[in-house]
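Novice: So that we are looking at the same thing, I have put the structure below in structure tokens.
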Amino acid sequence: MPVIAILGGLLAAGCFATATLCSSRSSRLIPPSSVLAWVMVTGLVVTVPALLAVGPPDHVAMSVWGWLAVSGTGNVVGLLLAYTALRTGKVAVIAPIVSTEGALAALLAVVAGE
């Protein structure tokens, strides 16, 4: 059983490294805002068919929509900052900083009791 966790961790690290190197290269070829736009369009193209297949949720509280807006705005701003940093800085310095996002999310979830 622990072998599966180790392989999963290695696979996740490999995917993160590949995505970071691709993001770095693309943000050096075109402006970071254009990279962000293409990432968002690609995400939209992937997500919309799944949303249409499942349909909208029956009931969503207004406070949830507010948190979704805050979360989406934070995601866009964070990605733009990451792509800008990858354009101007060294990947070996920026990648570990950007990778702390997952650890902080997990820490916040634990603190919130999730």
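Novice: Which residue, 57, 32, 96, tops the fluctuation ranking in a GNM of the chain built on C-alpha contacts under 10 Å?
Specialist: Checking each option, the largest mean-square fluctuation is seen for 57.
Novice: Please list 3J(HN,Hα) in residue order for segment 81-89, calculated via the Karplus relation 6.51 cos²θ - 1.76 cosθ + 1.60 where θ = phi - 60°; whole Hz, with x for glycine and proline.
Specialist: Couplings: 5, 5, 5, 5, 5, 5, 6, 9, x Hz.
Novice: Using only Cα atoms, locate the centre of segment 35-50 and the centre of segment 96-113, then give the distance between them in Å, rounded to an integer.
Specialist: If we compute the Cα centre of each part, the gap is 24 Å.
Novice: Shifting gears a bit: For residue 103 and residue 62, FRET efficiency with R0 = 30 Å and r from the beta-carbon atoms, rounded to 0.05? Intermediate results must be reported in sequence, preceding the final value.
Specialist: Details: r = 31 Å, r/R0 = 1.04.
Given R0 = 30 Å and the Cβ-Cβ separation, E is 0.45.
Novice: Using a 1.4 Å probe on the protein chains only, how many percent of the accessible area of the chain belongs to carbon and sulfur? Mind showing how you got there, number by number?
Specialist: Values: 6680 of 8640 Å².
Ligands and nucleic acids excluded, carbon and sulfur give 77 percent.
The values are calculated or read from the model by the stated rules, or taken from the named source; none is laboratory data. If you're wondering where the values come from, they're calculated on a predicted model, not measured in any experiment. Cβ: placed from backbone, ideal geometry, glycine included. Neighbour counts: every protein chain shown. Accessible surface is based on the protein model in full, side chains and every heavy atom, while ligands, DNA and RNA are left aside. Shrake-Rupley method; radii C 1.70, N 1.55, O 1.52, S 1.80 Å.
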